[in-house]
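Engineer: The structure's right below; bear with me while I get my questions together.
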Amino acid sequence: MAASVKIRFNDATRCFGAFVALEKLNLEVMDSEFVTIVGPSGCGKSTAMNMAAGLLMPSSGSVTIDGEAVSGPGPERGVIFQQYALFPWLTVRKNVEFGLRLKGMKERERRERAMHYIELVGLADFADALPKTLSGGMKQRCAIARAYAVDPKVLLMDEPFGALDALTRVRMQDQLLGTWTRERKTVMFITHDVDEAVYLANRVIVMAAKPGRLQEIIEVDLPYPRNEELRLSARFTEIRNRVWHAVYTRAAPALQP
Amino acid sequence: MSIQSSPGATTTVAGALARSENVILGFASFVIGILFWYAVTRAGLVKLPGPFQVVSRSADMMANGQIFTDILSSLRRVFIGFVLGAGAAVPVGFLMGWYKRARGLIEPWIQFLRVIPPLAVIPLAIVTLGIDEAPKIFVIFLASFLSSVIATYQGVISVDRTYINAARVLGASDGVIFARVVVPASIPFVLVGFRIGLGSAWATLVAAELIAAQSGLGFRMQQAQLYYDLPTIFVSLITIGILGLVMDRIVVWTESRLTQWQERV
Ligand SMILES: Nc1ncnc2c1ncn2[C@@H]1O[C@H](COP(=O)(O)OP(=O)(O)OP(=O)(O)O)[C@@H](O)[C@H]1O
Ligand SMILES: [Mg+2]
């Protein structure tokens, strides 16, 4: 693992009026690290991610990327939103091309690149379809293609696989790990699925609610590349149980070496 | 609508059936209405012209070309007034929606002018602009501008934040967000504004012609009123209704073309 810190939350706090959505989050995500964030609904996961994305400013404390305070969003940080956020007036392909066009890419190259990612998420037959004709899972895959296409260094993903069926979900997980291993992106990935959190991550960040805060960080010392066999291993089960306890009972048993 | 979201064979057939049923019902209701009109006037229950009288009068008015002159001068006024009004409403509406300062400066005026019925402006328009085309076009301009500007502005401020955020994280500047997100996202609102604007333009026009004009459908009715010429009044009224309906259909059709991407429930 590279040594430099990519994303740093420094006592990052965010309030909405008098309500504290996230209290004094301190977290360092290393360059090329894959962290997953789990926690009960309303514990400030999306809030933390939006601050890293530059869409929300901390009420106090700070968030830095490569040591520089985040002042706004930028294409080097790709975001996949919890609500797909596809542009309904654009076809799947035009949605994926949106960011490429902003980069000033030429039409042909843009089209090729968009199609590559559309195929990657298995939507080739729907390239010219409008979002309203897609199922929830298909919309989500289109949003993933749109974020991947601009090739961001940091991927911020808010429950990106939540709407997918079990099989597609596993496929997307493996694809994401493949992309990550090849391109060494830094990934912050929110999920409700403890299994998914452990399968993907270097570290699982467990958060707690009321007020939203960091509960525990659990290292996942499983080797990459990971595969289906690993999910059945005793070590995986052990770590998963630990995360499970941290999330739902808040009393994690000691991990056996 | 289920027909649009799942183009399976069964739903299409069901949709076609439902549509043809609607057509049949609409036609039946039309025929029943005419028959009722005929029966009531034939029996002498009301002192109104019957359908045959009205049809023969409209044939006369077509033969001597009078009705076409009236239609043309009415449509011309509506068209000019509406294009000017809607054309001014779109930039002003976007300006108000996009810049808070512009909103603060312009909105009080719009809200104030909006509660004055356009017809109430006619006396002022006649005194200041004379009695030819200018006052009528001005009143129509005002009517369509006020209805369209509110809709455009509402459209801009109600653009879903997630779309704007999605564009920002892909690297869009404010200008790009405006052109590629805010404008397309508010088109449905703008078109609804046009529809309302055109409706009120048409209503205002006819009333304006009743008060002061030398031609037009409203003027024709007003003339006929002096001579108790009920068939001509009927023909004019029906023509006004048909033209209003046709204009509305054209806007609705354009709307459905331009906003096919919308999820309809
Ligand atoms: N714009 C806002 N205005 C007011 N309150 C907000 C706003 N955004 C979030 N909150 C509140 O902050 C808290 C944390 O919200 P956040 O969206 O970060 O939760 P989350 O952990 O992502 O939950 P979920 O798992 O349901 O997505 C919630 O209680 C929410 O009600
Ligand atoms: Mg959330």
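Engineer: Please enumerate the residues belonging to region B:215-228 that are open to solvent by less than 40 Å² (accessible area, probe 1.4 Å) and over 17 Å from B:ARG76 (Cβ atoms). If you could, list the steps in order and put the result at the bottom.
Structural biologist: The initial filter retains those residues of region B:215-228 that are open to solvent by less than 40 Å² (accessible area, probe 1.4 Å), namely B:215-219, B:221, B:224.
Passing the criteria: B:MET221, B:ALA224.
Engineer: What about B:VAL176, is it more than 9 Å from chain A (Cβ to nearest Cβ) and surrounded by fewer than 23 Cβ atoms within 10 Å (Cβ to Cβ)? Don't jump to the end; show me each part of the working.
Structural biologist: Numbers: more than 9 Å from chain A (Cβ to nearest Cβ): no; surrounded by fewer than 23 Cβ atoms within 10 Å (Cβ to Cβ): yes.
Against the criterion (more than 9 Å from chain A (Cβ to nearest Cβ) and surrounded by fewer than 23 Cβ atoms within 10 Å (Cβ to Cβ)), B:VAL176 does not qualify.
Engineer: Exactly one condition in (1) at the interface with another protein chain (Cβ under 10 Å from one of its Cβ atoms); (2) touching a Phe, Trp or Tyr at 6+ places or on another chain (Cβ under 6 Å); (3) within 16 Å of ligand 1 (Cβ to nearest atom) is not met by A:GLN82; state its number.
Structural biologist: (2)
Engineer: Say whether the condition of being surrounded by 15 or more Cβ atoms within 10 Å (Cβ to Cβ), more than 12 Å from ligand 1 (Cβ to nearest atom) and at positive phi is met by at least one residue in region A:5-17.
Structural biologist: Among the residues of region A:5-17, not one is surrounded by 15 or more Cβ atoms within 10 Å (Cβ to Cβ), more than 12 Å from ligand 1 (Cβ to nearest atom) and at positive phi, which makes the answer no.
Engineer: Continuing with this model, one more query. Please go through region B:192-214 and pick out each residue that is at pLDDT below 85, in contact with a helix residue (DSSP H, G or I) (Cβ under 8 Å, 6 or more places away or on another chain) and surrounded by fewer than 20 Cβ atoms within 10 Å (Cβ to Cβ).
Structural biologist: Hits for region B:192-214 are B:ALA207, B:LEU210, B:ILE211, B:ALA212.
Engineer: Hey, another quick one. Residues A:VAL154, A:VAL187: which one is within 14 Å of chain B (Cβ to nearest Cβ), more than 16 Å from ligand 2 (Cβ to nearest atom) and under 20 Å from A:LEU27 (Cβ atoms)?
Structural biologist: Numbers: A:VAL187 fails: within 14 Å of chain B (Cβ to nearest Cβ).
The unique qualifying residue is A:VAL154.
Engineer: Please list, ordered by first then second residue, the pairs with beta carbon atoms under 9 Å, 6 or more apart or interchain, first in region B:134-161 and assigned by TED's automatic domain parsing to the domain that holds B:VAL83 and in contact (Cβ under 8 Å) with a residue 12 or more places away in the chain, second open to solvent by 20 Å² or more (accessible area, probe 1.4 Å) and of a type in the set (Asp, Glu).
Structural biologist: Here the result reads B:TYR153/B:GLU107, each pair linking region B:134-161 to a residue that is open to solvent by 20 Å² or more (accessible area, probe 1.4 Å) and of a type in the set (Asp, Glu).
Engineer: Kindly provide the set of residues from region B:99-122 that are assigned to a helix (DSSP H, G or I), more than 13 Å from B:LEU146 (Cα to Cα) and open to solvent by 80 Å² or more (accessible area, probe 1.4 Å), ordered by number.
Structural biologist: Scanning region B:99-122 gives B:LYS100, B:ARG101, B:LEU105.
Engineer: Also, quick follow-up: Checking A:ASN50 against (1) touching a residue at least 24 places away in the same chain (Cβ under 8 Å); (2) buried (at least 17 other Cβ atoms within 10 Å of the Cβ); (3) within 16 Å of ligand 2 (Cβ to nearest atom), which single condition isn't satisfied?
Structural biologist: With (1) touching a residue at least 24 places away in the same chain (Cβ under 8 Å); (2) buried (at least 17 other Cβ atoms within 10 Å of the Cβ); (3) within 16 Å of ligand 2 (Cβ to nearest atom) applied to A:ASN50, the lone miss is (1).
Engineer: Quick check on region B:253-261. Is at least one of its residues assigned to a helix (DSSP H, G or I), crowded, with 22+ Cβ neighbours inside 10 Å and away from chain A (no Cβ under 14 Å)?
Structural biologist: Here is the first cut: in region B:253-261, the ones assigned to a helix (DSSP H, G or I) are B:253-258.
Right, trim to crowded, with 22+ Cβ neighbours inside 10 Å and you get none.
No; the residues of region B:253-261 include none that is assigned to a helix (DSSP H, G or I), crowded, with 22+ Cβ neighbours inside 10 Å and away from chain A (no Cβ under 14 Å).
Engineer: Follow-up question, since we're still on this one. Of all residues in region A:50-69, how many are away from chain B (no Cβ under 12 Å) and at negative phi? Show your work before the answer.
Structural biologist: The first filter runs over region A:50-69 and keeps only residues away from chain B (no Cβ under 12 Å), leaving A:51, A:57-69.
Narrowing further to those that are at negative phi: A:51, A:57-60, A:62-65, A:68-69.
Within region A:50-69, residues that are away from chain B (no Cβ under 12 Å) and at negative phi number 11.
The values are calculated or read from the model by the stated rules, or taken from the named source; none is laboratory data. Please read these numbers as outputs of a predicted model, since none were measured by experiment. All Cβ positions, even for glycine, are placed from backbone atoms using ideal geometry, and neighbour counts span all protein chains on display. Side chains are part of the model used for accessible areas, which takes the heavy atoms of the whole protein and leaves out ligands, DNA and RNA. Shrake-Rupley method; radii C 1.70, N 1.55, O 1.52, S 1.80 Å.
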